[in-house]
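Notes to accompany the following structure.
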Amino acid sequence: MKILLVTGRLMEDEVRKIAEDFGCDVHIVDVDVASFITPRHLREIDLSSYDLILVPGLTANCNWKELEDEKGVKVRLGPIHASDLPLILKNIEKIDLSHKIPACKILSEKKAKENLRLVDSLDECYFYIGDVKIGGRMKIVAEIVDATRMDRDRLIETIDYYIESGADVIDLGIPLEFDLRDVERLVKVARDHCKALSIDTFNKRAIEIGLEHGVDMVMSLSYKNLDCLELLRDVAVVVVERDVEKLKKLVDTAKKKTERVIADPILDPTNVFESLMRYHRFRQIDNTPLLFGVGNVTELMDADSIGINAILTYIAEEIGCQLLFTTEASDKTKGCIKELRIASYMAKVSKLKKTPPKDLGFDLLVFKEKRIERIDREVKDVIVAESCEFVRDPMGEFKIWIDSERIFCGHEKGVIVGRKAKEILDTVIKLGLVSRLDHAGYLGCELKKAEIALRLNKSYVQDEELRFGIFT
């Protein structure tokens with residue numbers, strides 16, 4: 001296939017290097033930025049000797065279909081970033097390129113669908129917890145901490161959020177001090193809102209109430225509450241014990257009452273390596289499904305959860321675990337359920353294909369990128385930036401803050417509410433609430449900071465820098 005790569009002056013060197021590796025031709029349009037290229041730039045060029053013309057992915061607003069019909073040659077969108085060209089060219093025969101969707105997005109979506117389908121098609125099954133099959137992809141057990149202290153609306157809201165985030169089993173955490181009437185109330189409410197329901201307590205009476213009202217799994221059974229075993233018929237049970245030999249005996253004892261037994265050797269946040277070895281040793285002597293308490297580590301380590309969840313999920317897959325346990329009890333663990341859900345697919349695809357967990361169509365990259373775009377060009381007539389003295393805008397001042405979902409921009413004439421910095425700033429300008437360019441620039445900066453904080457689930461304080469730990 002003979003391919004012509006179209007780009008602007010700024011990316012000429014990079015695109016020419018890639019073209020040389022793949023045997024493509026290059027056409028440099030007389031513009032600096034590739035996203036400014038339009039069909040007009042190619043109308044006078046003879047394209048008849050080519051099978052495919054790849055134009056920059058950021059030119060999706062152009063009518064490339066019209067140019068394609070006019071020239072009689074396929075003209076399709078390439079990737080957004082030139083650094084993705086090698087990946088696209090390697091898979092060019094597998095991608096149905098578009099006039100409107102960048103090639104990188106098409107390839108990513110294609111790979112994602114294929115990999116999700118591969119994992120979801122696995123027929124391995126140990127047993128069911130409620131309507132959830134245990135086997136194949138590791139299932140996510142998400143605990144609602146101190147559930148008895150929630151009212152009905154908050155409980156339902158939390159359950160819905162957990163399920164939307166990717167939880168397979170909802171676990172109701174019962175505090176040490178509780179009212180039995182609250183246990184009955186919350187189990188009744190939760191039972192109607194999830195496919196698989198667990199109760200997390202060592203208290204025998206609380207377990208009885210949970211079983212009476214239809215919980216599918218009990219966490220946790222140990223040698224300390226072994227008398228609860230007599231209650232556990234036709235439900236799944238998680239047995240916990242740090243000593244591997246004792247855990248094996250406890251599992252065998254529990255299986256005399258129910259076949260749906262799950263072992264938990266306990267992942268200790270202060271002794272992670274030894275904990276992992278316990279899981280490994282147990283798996284060598286017993287094939288009982290394993291629950292892996294990732295949340296024990298993410299909750300008690302002052303580090304971003306996303307990387308911890310990724311690596312621990314990959315290790316759990318290598319060990320041969322079937323369930324991942326977490327919670328989102330604190331602000332810093334917000335998002336852990338979704339992170340584990342994605343990580344569980346990544347780990348399973350990696351294991352099935354015997355390849356590293358990369359280029360799957362989905363990932364857990366947030367602050368870092370695989371391929372960073374940089375424009376390296378010589379600049380003349382450099383003007384050194386400097387701050388100006390503050391001058392108050394006669395139209396008034398603004399107070400900016402965020403909640404969990406929206407940005408608020410308060411002015412004496414009203415409060416503008418939205419989720420995007422641009423839409424709020426556009427409204428401010430439209431209403432004539434700003435009269436100085438420097439004030440408009442300031443608002444744009446602060447609103448964008450608020451938007452970033454909102455998206456990253458971070459704190460926002462007007463006129464203060466966003467906090468990024470060691471990168472601040």
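The values are calculated or read from the model by the stated rules, or taken from the named source; none is laboratory data. Note that the structure is a prediction, hence the values are computed from the model and not measured. We place every Cβ from the backbone using ideal geometry, glycine too, and count neighbours over all the protein chains shown. Please note that ligands, DNA and RNA were not included when accessible areas were found on the heavy atoms of the full protein model with its side chains. Shrake-Rupley method; radii C 1.70, N 1.55, O 1.52, S 1.80 Å.
Would you calculate the separation in nanometres between label points at residue 301 and residue 399, each defined as 7 Å from the Cα along the Cα-to-beta-carbon direction?
4.1
Measure nothing but the geometry: give the 0 to 90° angle between the long axis through the Cα atoms of 437-455 and the longest principal axis through the Cα atoms of the chain, rounded to 10°.
Rounded to the nearest ten degrees, it is 30.
Using only alpha carbon pairs under 8 Å that are at least six residues apart, calculate the relative contact order of the chain and give it in whole percent.
On the way: 791 pairs, mean separation 46.8, N = 472.
Relative contact order, the chain: 10 percent.
Using mean projected area of the Cα convex hull in nm² as the read-out, say which of (i) 29.6; (ii) 35.2; (iii) 21.1 was calculated from these coordinates.
From the options (i) 29.6; (ii) 35.2; (iii) 21.1, the structure gives (i).
Restricting to DSSP loop positions (anything but H, G, I, E, B) with no more than 11 other Cβ atoms inside 10 Å of their own Cβ, which GluC sites (Glu not before Pro) remain in the range 407-464?
Values: sites: 412, 423, 446, 451, 464; in loops: 412, 464.
Those that pass, being in a loop and sparsely packed, are 412, 464.
Counting only helical runs of four or more DSSP H residues, what would the 222 nm mean residue ellipticity of the chain come to if each run contributes -39,500 (n - 2.57) and the total is spread over all its residues? Working shown, then result.
Numbers: 14 runs with 171 residues, N = 472.
Mean residue ellipticity, 222 nm, calculated: -11500 deg cm²/dmol.
Report, to the nearest 10°, how far helix 103-120 tilts away from the longest principal axis of the Cα atoms in the chain, using its own Cα long axis and a range of 0 to 90°.
20
Using the charge dipole of the chain (Lys, Arg: +1 at Cβ; Asp, Glu: -1 at Cβ; taken about the Cα centre), state which of 309, 104, 73 has its Cα farthest towards the positive end.
73
I'd like the distance between the alpha-carbon centres of the range 115-152 and the range 41-92, rounded to an integer number of Å.
44
Using only Cα atoms, tell me the angle between helix 244-254 and the longest principal axis of the chain; keep it within 0 to 90° and round to the nearest 10.
70
Ordering 330, 49 by how much accessible area each has at a 1.4 Å probe, largest first, what is the list? Display every interim value, and only then the final one.
On the way: 330 30, 49 65 Å².
Greatest to least solvent exposure: 49, 330.
Over the chain, what percent of the accessible surface lies on carbon and sulfur atoms, probe 1.4 Å? Please report the intermediate quantities before stating the final value.
Details: 12930 of 25650 Å².
Roughly 50 percent, rounded to a whole number.
Please report the spacing between the Cα centers of the range 398-472 and the range 272-291 in Å, no decimals.
Using only Cα atoms to place each centre, the spacing works out to 49 Å.
Which order do 375, 407 take by accessible area at a 1.4 Å probe, largest first? Before the final figure, lay out the partial values.
Working: 375 110, 407 0 Å².
Order by accessible area, largest first: 375, 407.
Testing the spin-label approximation: label points 7 Å from Cα along Cα→Cβ at residue 121 and residue 359. State their distance in nm.
Using points 7 Å along Cα→Cβ, the separation is 2.1 nm.
To the nearest 10 square angstrom, what accessible area does residue 465 show with a 1.4 Å probe?
150
How do 143, 109 stack up against each other in accessible area, from largest to smallest, with a 1.4 angstrom probe? Could you put the intermediate results ahead of the total?
On the way: 143 30, 109 100 Å².
Descending order: 109, 143.
Using DSSP, restrict attention to beta bridges with both residues in the chain and report what percent are antiparallel, rounded to the nearest 5.
Values: 12 of 50 bridges.
Close to 25 percent.
I want the antiparallel fraction of DSSP beta bridges within the range 80-237, as a percent rounded to 5. Before the final figure, lay out each step's value.
Values: 3 of 16 bridges.
About 20 percent, rounded to the nearest 5.
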